[in-house]
Every structure is written in C-alpha cells, then in structure tokens.
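J.: I have a structure here, written as structure tokens, and I will follow up with some questions on it.
Values quoted throughout were computed directly from the atomic coordinates according to the rules given, and no laboratory measurement underlies them. Computed from a predicted structure; not experimentally measured. Every residue, glycine among them, receives a Cβ derived from its backbone with ideal geometry; neighbour counts consider all protein chains shown.
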Amino acid sequence: MSASPAPDAVAGPGPLAVPTFHCLGLYWSPPEGGPEKAVLVRFRAQGASAWREGLSMRYNPIPGTDEDLTDYRGSLVDLAPGTTYEVQLTLAGTSTTARLTATTWSEDFPVGQTVRVGSRDQPLEITESGSPGAYRLYDGRGATIDVRHAHNACITIDAAYVIVRGFTLKGAGRPSRPDSRPIGAIAINGGHHIVIEDCDISDWGSLNPKTGFGYNYDSAIYSRAAGLRQLVVQRCRLHDPTCDGSTWSEPVYPTHSAGPQYISLFNAGGEEWMTGHQYIFHNTAFGPREWLPTGGLGGTRIVKHVTSRNNILQVRTPQQHSLSNHRANLDNSYDYDLFNGQIPPGVETRGIRGEPTYVERAGFDPATQTGRFQLAPHSPGAGAGETLPNFSGAFSGKAPDIGAHQRGAPPMQFGVRTR
C-alpha cells in the first residue's frame with residue numbers, strides 16, 4: 001500500500017496530476033465545464049506515437065470540502081512505474097483542451113548509507129534521514145526485535161527518505177497503560193518518503209480489560225503524524241496480534257467490531273474521499289453458495305454517486321439484493337452487471353440476470369497462491385461487458401467478460417512475494 005497527498009495541490013483550474021507507482025490522478029477545471037459535458041482523456045508514454053484512450057471524467061464539483069480540488073477528477077491506471085506520460089484533456093463538444101506531463105513513482109529506491117541492525121529487546125529509534133538520491137537503509141534481515149511487551153513499539157520513525165527492511169518484530173504494547181491510546185509495533189511519529197518492506201510483524205497490542213478484547217486500533221503500523229506522505233508498505237506479513245477483536249455479533253458491548261488493526265493512519269497528508277463519485281468496475285463475488293454474500297452492491301443500505309459496470313453481483317438467493325433499492329439512493333448508474341438477486345426498477349438495461357458458471361477448478365489454490373476466477377465460455381456474462389477505456393484490460397472478442405478475471409488471462413497471483 002502507499003499513501004501520498006497531491007504535491008502542493010490547491011483548488012483551481014489545473015490541470016494537475018498526482019502520481020503513484022501505477023496510476024495518475026487527474027484534476028482539471030475548464031472554464032466552460034458543466035454537468036452536460038464530460039472531459040475526454042487520452043494518454044501515452046512520452047516518446048510513443050500512438051495515443052490510448054482513458055476513462056472520461058464527469059463534472060462533479062463538491063464545494064466547501066477538502067476534496068474540491070477541481071471540477072473534474074479522474075484516474076489513469078495500469079501504468080508503468082518510473083515512466084513519464086503525456087496526457088491530453090478535452091472538454092467534450094468544445095475546442096478547449098489542456099496537456100500535461102507527469103511521471104509515475106519509481107519502484108527503485110536509491111540507497112545511500114546502510115545501517116545493519118542486529119537482534120535486540122529494546123526499541124529501535126530512527127531519527128536520521130536520507131535524501132531523495134540516497135535513502136538511508138535500516139537493514140534488519142535476519143534480526144528480531146522482540147520487546148516482550150515491555151515497550152509500546154519495536155521501531156519508532158521520525159525521519160524522511162528511509163527504508164526499513166527485513167525485520168521480524170514482536171511483542172509491542174505494554175500490558176497495562178494509563179489510557180486506551182493505540183500503539184504501533186512500527187510507530188511513525190513524523191516524516192515522509194518512508195518505505196517499510198519485507199517485514200514480519202506479530203504479537204502486537206494488549207488486552208483491554210473493559211471489553212475483553214484487544215485495544216481498538218493497536219496496529220502493526222501506526223501513525224498520527226500530521227503531514228505524513230509517501231509512505232510505502234510492501235511485501236510485509238502482518239499477522240497474529242496478541243488479542244482478538246470483537247465482531248458485529250457480540251451479545252454484549254462492544255457490539256461494533258473493534259480491536260487490533262494491521263495499518264492505521266490518522267491525520268496523514270494523503271488525499272481523502274468522502275463526497276465524490278465512486279466507480280466500481282470488474283469485480284467478482286465468488287465462493288460456494290453458502291459463503292456468498294447476502295447483499296451485493298450496498299445490500300439494503302443507502303448508496304449514492306456510484307457507477308457500477310461489469311461486476312458479478314451473485315447473492316445466495318434470488319430474494320436478496322444484488323443492488324440496493326433504498327429510497328434514499330441518489331445519482332447511481334448500474335449497467336452491464338451479472339446479477340441473480342433483487343435490483344431497483346429501471347436499471348441494468350444491458351445487464352444480465354443469471355448465475356455465473358466458472359471454468360473447471362476455479363478458485364484459489366493455496367499450494368501455488370494463485371487463483372482462477374474466469375467465466376466458462378458459455379456462462380452468462382462471458383463477452384457481455386462494456387469496454388471501459390483503460391480499465392477493462394486485454395480481452396479477446398468484441399467485448400470484455402463481466403467480472404474480475406478475463407478468459408485467457410493467466411492465473412491471479414497472491415501473497416507477499418507477488419510483484
């Protein structure tokens with residue numbers, strides 16, 4: 001995962017781009033924009049001759065909120081890391097255009113000084129920073145920091161341009177504490193451009209005697225640092241906290257799920273989403289019938305500002321809701337989905353009512369950490385999706401399959417070693 005804000009992003013006409021490794025967030029406020037006009041998007045790697053089409057952006061100002069950077073917002077996905085792209089934006093039906101270039105993050109972090117750390121039972125404090133061209137590497141490969149619940153953290157970080165690599169961390173979180181303030185096995189107190197990779201973190205947190213469960217938000221990686229940005233957590237195993245959390249089904253307090261977490265970030269400098277538009281594309285609700293969801297997109301809850309395309313929304317029985325029909329729903333667009341449950345009237349005009357049939361031996365293989373979730377050739381939804389520029393990926397035939405896994409694609413790879 002990664003967290004980063006728009007670099008010095010401010011409300012205005014744009015255009016501007018916010019990069020991550022494989023994506024660009026796009027922002028623009030053309031002067032003639034309005035609800036009836038989309039912004040058309042095309043892009044190419046710098047130096048390439050052919051343009052590729054991106055998903056158009058809809059007019060969606062949200063005044064009075066922190067998210068109101070521009071009137072139009074969208075994304076380019078499945079990009080190459082460390083690559084400069086040219087992007088052209090055009091207001092539909094006009095001659096108004098804008099062009100920009102942006103570079104995705106590189107997956108190679110240049111290392112300057114390396115600090116080898118051995119096994120210990122005291123926390124490691126990281127306060128010395130590296131630089132953009134020379135990250136300071138704290139190399140913990142082969143080392144275990146087990147503070148045996150005598151300290152609230154195994155590692156604390158207040159630095160920039162640092163890499164924390166290969167540590168085994170155990171035992172964060174004192175058994176008694178004066179308040180219920182959460183702890184983190186890795187506690188980030190400040191900084192930016194921080195990489196945490198190839199770490200194994202377990203046995204963090206402690207028991208809250210008032211609930212009988214672990215303290216809420218005790219985390220493997222925790223931060224309340226205002227302005228934290230460009231945090232990268234990759235290929236880590238975060239598992240087996242000291243205590244369990246509660247579930248939604250507890251007979252007494254707490255009946256809301258609470259307890260230890262894997263990663264908790266508060267007050268960070270990254271972008272937030274609350275009142276904007278959601279796009280839900282190419283997802284599959286997969287499993288044996290007894291483990292299928294009892295509600296699809298939204299169940300019976302309120303759903304607003306959602307565009308749903310090419311999703312398999314299979315529920316356990318036809319009486320359950322594949323799409324929410326709550327009377328307070330607003331500004332939703334549902335089409336080209338495969339569903340077997342209840343849906344609101346007047347939607348899914350090109351959707352398909354039916355149940356998917358999958359290829360032989362479909363599902364997750366724990367031995368290889370791979371999964372096959374493709375539809376069988378004659379299944380409802382095969383070749384029946386809508387082509388979504390830059391989102392549907394490669395497919396054979398005239399149209400993509402509905403669902404997450406296209407026929408002919410290799411098995412999906414899962415696990416911490418996936419790249």
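J.: Which distance in nm do the two modelled labels at THR387 and THR255 give, with both placed 7 Å along the Cα-to-Cβ direction?
T.: 5.2 nm
J.: Something else about it: Can you figure out the FRET efficiency of SER131 with GLN278, using R₀ = 41 Å and their beta-carbon distance, to the nearest 0.05?
T.: Given R0 = 41 Å and the Cβ-Cβ separation, E is 0.60.
J.: Next question. Taking 37 °C and 0.692 mPa s as the conditions, I'd like the Stokes-Einstein D for the range 257-328 in µm²/s, using the Kirkwood hydrodynamic radius from alpha carbon pairs.
T.: 223 µm²/s
J.: While we're looking at this one, here's another question. Can you tell me the relative contact order of the range 277-419? Whole percent, Cα pairs under 8 Å, sequence separation 6 or more.
T.: 20 percent
J.: Taking θ = phi - 60°, what integer Hz values does the Karplus form 6.51 cos²θ - 1.76 cosθ + 1.60 yield along the range 230-236, in sequence order, with x for Gly and Pro?
T.: Per residue, the Karplus-derived 3J(HN,Hα) values read 6, 8, 10, 10, 9, 6, 9 Hz.
J.: If you don't mind, there's one more thing I want to ask. Extension gain ALA48-GLN369, at 0.36 nm per residue separation less the Cα-Cα distance, in nm?
T.: Between ALA48 and GLN369, full extension yields 112.0 nm more.
J.: Treating the range 282-367 as a set of equal point scatterers at the Cα positions, no solvent, please give the Debye-formula log₁₀ I(q)/I(0) at q = 0.12, 0.24 Å⁻¹.
T.: Here the Debye-derived log intensity ratios amount to -0.35, -1.20.
J.: Sticking with this structure for a sec: Contour minus end-to-end for ARG174 and ALA362, with contour as 0.36 nm per residue of separation and end-to-end as the Cα-Cα distance?
T.: Fully extending the segment from ARG174 to ALA362 adds 63.2 nm.
J.: Pick out, in residue order, every one of the GluC sites (Glu not before Pro) in the range 14-63 that is DSSP loop and has at most 11 other C-beta atoms within 10 Å; say none if there are none.
T.: GLU32, GLU36
J.: Roughly how big is the chain's charge dipole about its Cα centre, with Cβ charges of +1 (Lys, Arg) and -1 (Asp, Glu), in debye to the nearest 20?
T.: 500 debye
J.: Continuing with this model, one more query. Once amide H atoms are placed 1.01 Å from N in the peptide plane, what residues at a sequence separation of 5 or more from LEU338, or on another chain, have their amide H within under 5 Å of its amide H?
T.: Counting only residues 5 or more places away or on other chains, the set is ASN311, ILE312, LEU313, ILE352.
J.: In addition: Taking amide hydrogens as modeled 1.01 Å from N in the peptide plane, which residues meet the under 5 Å criterion relative to TYR135, leaving out close sequence neighbours?
T.: Correct list: VAL111, GLY112.
J.: Testing the spin-label approximation: label points 7 Å from Cα along Cα→Cβ at HIS22 and THR300. State their distance in nm.
T.: 3.8 nm
J.: Specify which residue in the list ASN310, GLN230, SER176 is farthest towards the positive end of the charge dipole of the chain, using unit charges on the beta carbon of Lys, Arg (+1) and Asp, Glu (-1), about the Cα centre.
T.: ASN310
J.: Explain nothing, just the number: relative contact order of the chain, from Cα pairs under 8 Å at least 6 residues apart, as a whole percent.
T.: Taking the mean separation of contacting Cα pairs over the length of the chain, I get 10 percent.
J.: Something else: Out of the DSSP beta bridges found with both residues in the range 277-419, what percent are antiparallel (nearest 5)?
T.: 25 percent
J.: Give me P(r) over the range 332-419, computed from all C-alpha to C-alpha distances, binned every 5 Å, as integer percentages.
T.: So the P(r) values, bin by bin, are 3, 14, 21, 20, 18, 13, 8, 3, 1.
J.: If you don't mind, there's one more thing I want to ask. So what's the convex hull volume per residue for the Cα atoms of the range 111-265, in Å³?
T.: 104 Å³
J.: Project the alpha carbons of the range 90-157 onto their principal axes and report the range along each, largest first, in whole Å.
T.: For the range 90-157, the Cα extents along the three principal axes come out at 66, 28, 21 Å.
J.: Computed over the Cα atoms of the range 19-95, what is the convex hull's projected area averaged over all directions, in nm²?
T.: With every direction weighted equally, the projected area is 5.7 nm².
J.: Translational diffusion coefficient, Stokes-Einstein: compute it for the chain using the Kirkwood radius over C-alpha pairs as Rh, at 4 °C and 1.567 mPa s, and state it as an integer in µm² s⁻¹.
T.: 54 µm²/s
J.: Straight distance only, please: which aspartates and glutamates reach the Cα of LYS37 with their own Cα at less than 14 Å, same-chain residues fewer than 8 apart left out?
T.: Counting by Cα, and skipping residues close in sequence, LYS37 has these aspartates and glutamates nearby: ASP71.
J.: Under a crude label model (7 Å from the Cα following the beta-carbon direction), how far is ASP121 from HIS378 in nanometres?
T.: 6.8 nm
J.: Could you name the lysines in cross-link range of LYS210, using Cα to Cα under 29 Å and dropping any fewer than eight places away on the same chain?
T.: Leaving aside lysines fewer than 8 places away in the same chain, those within reach of LYS210 are LYS170.
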